[in-house]
Structure formats: C-alpha cells, structure tokens
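First comes the structure, then the notes that go with it.
FYI, it's all coordinate maths here, none of it is from the lab. Small disclaimer: the values here were computed from a predicted structure and weren't measured.
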Amino acid sequence: MKHKALLISIVASGISAFGGVQFDLRGNHLFTQRDAEADAPMMRSVEVQSYVHAEHTSASGLSLFLTHRLDGTPHADALPENTLPFDNHTACGLRFMKKHLFQVAVENDIFGHAENSCPYFYPPDSSVSRKVLTSLNQYFQVRGKKVRLTVAASYFRLNYDLRYGDDGLTRAVDDDLWSEADFRISPNDHIAFSAGTTLKNDFNAYDGYDYGDHYVSMDGDHEVPLKARKFSMTWLLSGHWRISEMMYLREDAQGPAAVITMRPVVKLRNRIFLKGATMLDLSDKMQKQKYELSIRKSWKNLSSVDVGCWATAGALFPRRGTDVGGVFYLSRSSRFGLSPQVHLFWMQDSDNDEFRFYRTTASVEMILNLFHRAEITGGYTWSDFIDRAPFTDRGVISLGLRKW
Amino acid sequence: MMRRLLLLFMVVAGTVIAAGCGNPSNSAFLSVDKACCTGCAACVRVCPSDAIRIISNKAVIDPTKCIECGNCIEACPVNAIY
C-alpha cells in the first residue's frame, strides 16, 4: 500500500512538474468484416490508442520533453494491412532554444506481433520480424538575421529476428544514419535561397544501399489583396542530384532532377477558401506530377466541409480521385457536444479502369467537457473499403479521455 | 502583380501538364508531401519492408528499400504520399 501511495505521489509530482501536459487516451472495441479478397476472417479485438506529451521549460530556455504513444491491438491479424500491429513509442529529449536551437532526443519503439516478411534486400528464403527500433536524434540550428544553418542527424538501430529457411532464428541488427545539412539565405521576407544535402548511410549492407540527395533551391511566399479577396501563393523551385547505387541498379530515377511546387490559395468571402497545389518532380527518367484543386468552407465553431479532386501522372500509381469530407460541431451547451464526421474518398488508376478504390468513413463523437481543455469522448466509426485488399471494412466503438 | 503571378502559375502548370501527360515514366519512387504529412506513422505500420522512418515528425521514405507496394499511399489519412 505504501509503495502504491509512493508511486502515485511520484507520478503526480512528475506530471505537475511538466506545465504543459496533453494527452489523448482511447480504448477501442474493433470489429472487422470478413473479406474474401483480403483473405481476412471476421475479427473482434480491443485496440489501444494513447498519446501523452509533457514538456517543462525553464527560464533559461532549456526544455525537457517526454512523449509516449501506444498504438495497437493484441490480435496480430485484426487489421490485415498492419505489419506492425502493436507499437509502443517513447521519446524523451532536451531542447535549448535562445537565439539558436539545439535539440537532442532518444526514441524507442517496441513492436509486438510484427509480421514476418521477406523484403528483397534480405537473403531469399528468409523472413524478418521487427522487434525494437531505437534512435538518437540531434538537431542544431544557427539563426542570423538573413541566414540560417541547420544540421541534423538521426541514428537508427533496428533489432530484428531473422529466420533462414529451417536453420532457426538469428537475432540481428540494422544500423542507419540519416543526416541533413541546409544553408539558407533570405534577402527579404518573401524569397529565400537554400543549398543542402540529405544523406543516408546503411552500415550493415553494402554501400549500394546508401543514398544521397544534394540540392539547391529557391522558395518564396507572397500575399496579395485582391479587392475583397486575398490571394497567397507559396512556391519552390529546386534542382537535385540524387545518388544511389541501388536506385541505379533498379533503373530508378537517380541523377539530376528538378522539383517545382506551387500552392495558391484564394480566400473568398464567407470563410470560403479555394486551394490549389502543383507538385512536379522531373528528370530524364521521371515525369512525376500531382495536381490538386479543392474548396473549403469553414464556420466559426470550427466545423468545415472540404471538396477536392486530384490527379497524379508519371507516379508509381498514376491516379485520379475525389475527396469529400466534413466535420460538424453541434453543441447547445458548454458541457456537452456532438461531432459527426463523414469522409468519402474515391480513387481510380489512370491506366487501368478496372482498378478502383473507395473508402467511406462515417463517425459520430460525443464530447463531455470535464473542465478547461479536458473532456471525455465516446464515439462510433465505420469505415467501408471497396476493392482494396488488404484493407477490410471495420467498425470502432471508442471511449476516451483527452486534455490539450 | 496579382495577374502576373496567376499568369506565371497557369503558364508553368499548363506547359508541364502538356509535356508530362502521356509521357509515362519507366521509373518513379514515392515522395512525401511534407507540407501535408502529420507524422502520424500510419504509413510506418503498413510498410512491409521497413522503408519508412519518422524524422523531425515527418515521414521519410528510403528509396533504396521501398518495394513499391503502395500500402502507405492507401493508409495515409491526408493523402500526402504520391
């Protein structure tokens, strides 16, 4: 009993030391429909989704932060598409932010019931099951009036089980280092020039799995009043040089490339926004394009409706589709709220009329306000997938507690 | 200024659409639209080849390990992978 009281007091004092604690804890009852195409039987399972973030900042600008995320189900085959059915993620770190920014963090993921798979970069007749992923991240940014230098590095260690045919189990590790350097100079508030590099070093495979992306770029954002409307646009033009022996062997698009991104937004009257996006990645072997056009109507109580269409060309799966979504906050009291949501997503392969994919998600959430920024939630969500294995139709009844 | 920006956008977009459509590529790898990505890790959980990492709260796809199954495209709740 004394131990319990001590533990509770330690946890309570730990939480109170962190001024900004936010969490979203949710328990779900999940049930999926039998799907012959996905070869998935009907399944019932519990599912946990929790997120806790705590941060304590001292007057000197030093912050200590802690994040924990738990996501998953004890039934490995409850959601057939998940190769990692259970993920326990913990991250903690220190951030020092004054004129410059320095951050160092350690992250850890423990995977439960990970699916056995055999990606092509492991020996044939072997299977791999991921167990633990640990990473050490550092982020350093020096900022001047018009210049900014960013250096970041993330070291990942994956512990996994490897099985060769009938030879039994081998415990193995895979180490990767992702590093990034970026130098940015802004002559004025609207335009900036950057140069940098992103590198991945794979320490356990031969050098062919290393990857490098060196780039120079120019980006900007502009805002123009247009009578009663407002037009804004962000854009990016960049030239890349991608280097990877494996991509060369697979005849993927390495070498020089140009990337162009434009995002215009027109704010019309009555909280109506017209948004567009153009993304292009062009090289001698690739003409990848994505276009989006959408309209959004929002209300003061944060309710909104979005209608959009999009198309990709030259991409891995050239597609076109429509996306319609809405979230409505219905409330007559400050204590109780109701929030129905609906989201319709349709997609078709541009080169294959027979390949279509529909996803419909409808949900309703009840919200009971406990006190300032803390509430109990309960809801029901139904997701319907048509023609898309391994995703199966599913329903979720959830009960949760959140604070932000 | 406004008209010039609109004109520039339409000319560039129109030129590229005309040049690119009907010009199928023989190689393409998946990209993440970092402006949309929320770092929710839904793509990590469905990736069978461990090709996705979350770095600085954004998904990063390792093109040397991606097996192009497309599961991450469908799992992404904000349509940020293409």
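Each residue of region A:288-297 was assigned a 3J(HN,Hα) from its phi angle through the Karplus curve 6.51 cos²θ - 1.76 cosθ + 1.60 (θ = phi - 60°); the sequence is 7, 9, 9, 10, 9, 9, 9, 10, 10, 10 Hz, with glycine and proline shown as x.
Sequence neighbours fewer than 8 away in the same chain don't count; with that in mind, list the lysines whose C-alpha is under 17 Å from A:Lys145. A:Lys145 reaches A:Lys98, A:Lys99. For chain A, what class follows from the C-alpha gyration tensor (a ≥ b ≥ c being the square roots of its eigenvalues): rounded when a/c is under 1.5, otherwise prolate if a/b is larger than b/c, else oblate? Because its axes are fairly even, with a/c under 1.5, chain A counts as rounded.
When only alpha carbons are used to place a centre, region A:125-191 and region A:337-395 end up 32 Å from one another.
Under a 10 Å cutoff between Cα atoms, tell me which one of A:Glu180, A:Glu107, A:Glu223 has the largest fluctuation in the Gaussian network model of chain A. Maximum among the listed residues: A:Glu223.
Note on chain A: helix-only mean residue ellipticity at 222 nm, from DSSP H runs of 4+ residues weighted -39500 (n - 2.57) and normalised by residue number, equals -1500 deg cm²/dmol.
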